[in-house]
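Here the structure comes first, spelled out in structure tokens, and everything after it is commentary.
The values are calculated or read from the model by the stated rules, or taken from the named source; none is laboratory data. Quantities reported herein were computed from a predicted structural model and do not represent experimental measurements. Glycine gets a Cβ as well: all are built from the backbone with ideal geometry, and neighbour counts include every protein chain shown. For the accessible areas, the whole protein counts, side chains as well, though only heavy atoms, and no ligand, DNA or RNA atoms are used. Shrake-Rupley method; radii C 1.70, N 1.55, O 1.52, S 1.80 Å.
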Amino acid sequence: MEKVRVSKLGVPYLHFGNGEPVVLIHGLGEVKESWQNQFELADQYELIIPDLRGHGECTKIDGITIQNFAADVIGLLKELGFENAHILGLSMGGAVAQEIFRQDPSLVRSLMLISTFHYFPNVIKSILLKKHKAKFVELSATGKEFEYLSRMALYSWNKDTVEKFGDFFKPKPHIFIKSFEACLEVNNLSLLPRVNIPTLIIGSQYDSVLPVWIQACMHKQIPHSEFIILRNTGHIAKLEAKDRFNYLLRKFLKQQKIAS
């Protein structure tokens, strides 16, 4: 395992590999190590993999917002001296990636938005808050939240996949709820049409957390974006469909190198 470093702003991160810089941003309740199936990309790319505020080893627990998550990553990249980088985000991490583009578009060479979202109408917000927040609070009190959330996130319910997901997914109840509420406040309807850089959008056929129609809507709003649906996988394609997932990332990144 690569050595964990900590930025001046208190962001723990992994940094290794050679090539064009690629930032991997984890999802809600995950940790930076959740990208271990993608560590192999370091043979061609320089990987920067942070823990978001309040997640993993990050001890900063105040100001849990998508805006602050993005600002932390921007600060890290500037501290490391990067003029720009390819930004990849899964789920909540995809919302953070979009926010990085909003805050500092010159820093983003390309976007890879995986099983993510851009907006929740009020009626859907109220349903999600009523159903999932209450359920998580109820189950976290008894330590049973992992089974509930993993059954939502995974398509392949086998022992090996579940155990690996357990290594990736380590929600802290208070931070999880605050982050979940922050996700519901995202509204990028006016931002997406202004995204003028290469963008790859990946959805998963059996994603019950963020159904693929959400990514289809994003694709329609981002000019010249590429949209791919991964078959026979759920919300965590980087785990359940590792080889196909990594192939698509390499293909997209190679295209950007050729075009530059």
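Checking SER150 against (1) on the phi < 0 side of the Ramachandran plot; (2) touching a strand residue (DSSP E or B) at 6+ places or on another chain (Cβ under 8 Å); (3) modelled with pLDDT of 90 or more; (4) among the polar types (S, T, N, Q): exactly one of these is not met. Which one?
(3)
Output yes when any residue across region 117-138 is among the acidic types (Asp, Glu) and either part of a helix (DSSP H, G or I) or surrounded by 17 or more Cβ atoms within 10 Å (Cβ to Cβ) (or both), and no when none is.
Yes - at least one qualifying residue is present in region 117-138.
Would you check which residues across region 158-205 are among the charged types (D, E, K, R), in a loop (DSSP other than H, G, I, E, B) and surrounded by fewer than 14 Cβ atoms within 10 Å (Cβ to Cβ) and list them?
GLU185 - this is the single residue of region 158-205 that is among the charged types (D, E, K, R), in a loop (DSSP other than H, G, I, E, B) and surrounded by fewer than 14 Cβ atoms within 10 Å (Cβ to Cβ).
Rundown of residues vs (1) free of Cβ contacts under 8 Å to residues at least 24 places away in the same chain; (2) on the phi > 0 side of the Ramachandran plot; (3) part of a strand (DSSP E or B), yes/no style:
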{"site": "LYS3", "(1), (2), (3)": "yes, no, no"}
{"site": "GLY10", "(1), (2), (3)": "no, yes, no"}
{"site": "LEU14", "(1), (2), (3)": "no, no, yes"}
{"site": "VAL22", "(1), (2), (3)": "no, no, yes"}
{"site": "GLY27", "(1), (2), (3)": "no, no, no"}
{"site": "SER34", "(1), (2), (3)": "no, no, no"}
{"site": "GLU57", "(1), (2), (3)": "no, no, no"}
{"site": "GLY63", "(1), (2), (3)": "yes, yes, no"}
{"site": "VAL73", "(1), (2), (3)": "no, no, no"}
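Identify all residues within region 34-44 that are open to solvent by 10 Å² or more (accessible area, probe 1.4 Å) and more than 22 Å from VAL6 (Cβ to Cβ); write none if there are none.
ASN37, GLU40, ASP43, GLN44, listed by residue number.
Could you tell me how many of the residues in region 140-157 are over 30 Å from GLN221 (Cβ atoms), of a type in the set (A, V, I, L, M, F, W, C) and in a helix (DSSP H, G or I)?
1
I need every pair where a residue in region 79-101 that is more than 14 Å from PRO50 (Cα to Cα) and of a type in the set (Phe, Trp, Tyr) has its Cβ under 6 Å from the Cβ of a residue that is open to solvent by less than 20 Å² (accessible area, probe 1.4 Å) and part of a strand (DSSP E or B), sequence separation at least 6 or different chains.
What qualifies is PHE82/PRO21; PHE101/VAL108.
Could you please find all residues in region 21-38 being in contact with a His (Cβ under 9 Å, 6 or more places away or on another chain) and β-branched (Val, Ile, Thr)?
VAL22, VAL23, VAL31
Please tell me if GLU99 is modelled with pLDDT under 95 and either open to solvent by less than 20 Å² (accessible area, probe 1.4 Å) or over 15 Å from the mean Cα position of the chain (by Cα) (or both).
no
If I ask for residues that are part of a loop (DSSP other than H, G, I, E, B) and either free of Cβ contacts under 8 Å to residues at least 24 places away in the same chain or touching a Leu at 6+ places or on another chain (Cβ under 8 Å) (or both), which ones from region 212-225 would you list?
ILE222, SER225
What are the pairs, 6+ residues apart or on separate chains, where a residue within region 184-199 that is closer than 20 Å to LEU28 by Cβ and touching a residue at least 40 places away in the same chain (Cβ under 8 Å) has its Cβ under 6 Å from a residue that is open to solvent by less than 30 Å² (accessible area, probe 1.4 Å) and polar (S, T, N, Q)?
Hits for this filter: ASN188/GLN98.
If you go through region 1-16, how many residues are closer than 27 Å to LYS257 by Cα and crowded, with 20+ Cβ neighbours inside 10 Å?
2
Would you call ASN232 on the phi > 0 side of the Ramachandran plot, open to solvent by 10 Å² or more (accessible area, probe 1.4 Å) and over 15 Å from the mean Cα position of the chain (by Cα)?
It is true that ASN232 is on the phi > 0 side of the Ramachandran plot, open to solvent by 10 Å² or more (accessible area, probe 1.4 Å) and over 15 Å from the mean Cα position of the chain (by Cα).
Looking at (1) touching a Leu at 6+ places or on another chain (Cβ under 8 Å); (2) at pLDDT below 95; (3) of a type in the set (A, V, I, L, M); (4) not in a helix (DSSP H, G or I), can you tell me which one VAL209 breaks?
Only one criterion in (1) touching a Leu at 6+ places or on another chain (Cβ under 8 Å); (2) at pLDDT below 95; (3) of a type in the set (A, V, I, L, M); (4) not in a helix (DSSP H, G or I) is unmet by VAL209, namely (1).
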